[in-house]
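The values are calculated or read from the model by the stated rules, or taken from the named source; none is laboratory data. Note that the structure is a prediction, hence the values are computed from the model and not measured. In this analysis, Cβ positions are derived from the backbone assuming ideal geometry, glycine residues included, and neighbour counts consider all displayed protein chains. The area values use the complete protein model at the heavy-atom level, side chains included, leaving out ligands, DNA and RNA. Shrake-Rupley method; radii C 1.70, N 1.55, O 1.52, S 1.80 Å.
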Amino acid sequence: MHLADARWAECEDVPVLLVPVGATEQHGPHLPLGTDTTVAATVAARSGLPTAPALPYGASGEHEGFPGTVSIGTETLAAVIVELGRSACRFARRLVIVNGHGGNVGALRVAVPMLRAEGRDVAWFPCGVPGADAHAGRHETSVMLALTPDAVREDLAEPGNTAPLRELMPAIAAGSVRDVSPNGVLGDPAGASGVEGAETVSVMVAGLVTAVERWTVDEATGRLT
């Protein structure tokens, strides 16, 4: 069931509802601004669980040096998630925020524990796999080649800063992604393929389904583990 297509009588006592949360931000010269939202929405939809429309804005301040990026910031995003949770939990027994953007984690770690403290069974799940590059590199390019190949400009793909993210974070935190990567890429999209991307999406979907079935929540962060 997709919530936007349902009638109200079909939404009484929903066992679990997924809410994808993404971002509208630069993803290098070759990927669309809605990459994170596309990934989160797809992972949620392919789980087969009831899914709400995706929230396409997140906390993307580190990317605001690039035109097209629209960020609502951590504080506002946290407030939005709290209000979404309070409202959705009126008819859904459990709620999962399916997160497609790493910059949203700060808001999730505030909002979800708050909702849980209020007695609502809410958690969040990250769309990611171990070993992936940080931003608009081979990992995300492969995923988008699998999901929306016509939206990927492979002719414009080029490497960015390939240093480990932990080395770049101080400069990014003090300034922006543009300070460490003029083209906005953190990684190298070379070698990306739709086959690899499809396998990655399958892993994320399976991880989400397993996490929901197990329902073990880290109470400090609100994350499904």
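Which is without any contact (Cβ under 8 Å) to a residue 24 or more places away in the chain and over 25 Å from Ala198 (Cβ atoms), of Gly61, Gly73, Gly34, Gly103?
Gly73
Within segment 155-171, is there a residue that is free of Cβ contacts under 8 Å to residues at least 60 places away in the same chain, open to solvent by less than 30 Å² (accessible area, probe 1.4 Å) and not hydroxyl-bearing (Ser, Thr, Tyr)?
Among the residues of segment 155-171, at least one is free of Cβ contacts under 8 Å to residues at least 60 places away in the same chain, open to solvent by less than 30 Å² (accessible area, probe 1.4 Å) and not hydroxyl-bearing (Ser, Thr, Tyr), which makes the answer yes.
From Glu75, Glu140, Glu83, grab the single residue that is open to solvent by less than 30 Å² (accessible area, probe 1.4 Å), in a helix (DSSP H, G or I), among the charged types (D, E, K, R) and at pLDDT 95 or above.
Every option except Glu140 fails the conditions.
If we keep just the residues of segment 1-21 that are part of a strand (DSSP E or B), among the aliphatic types (A, V, I, L, M) and under 20 Å from the mean Cα position of the chain (by Cα), which is surrounded by the fewest Cβ atoms within 10 Å (Cβ to Cβ)?
Val16
How about segment 35-51: which of its residues are open to solvent by 10 Å² or more (accessible area, probe 1.4 Å) and either in contact with a strand residue (DSSP E or B) (Cβ under 6 Å, 6 or more places away or on another chain) or not in a loop (DSSP other than H, G, I, E, B) (or both)?
Matches in segment 35-51: Thr37, Thr38, Val39, Ala41, Thr42, Ala45, Arg46, Leu49, Pro50.
Mind checking whether some residue in segment 137-150 is within 15 Å of the chain's Cα centre (by Cα) and under 18 Å from Asp218 (Cα atoms)?
no
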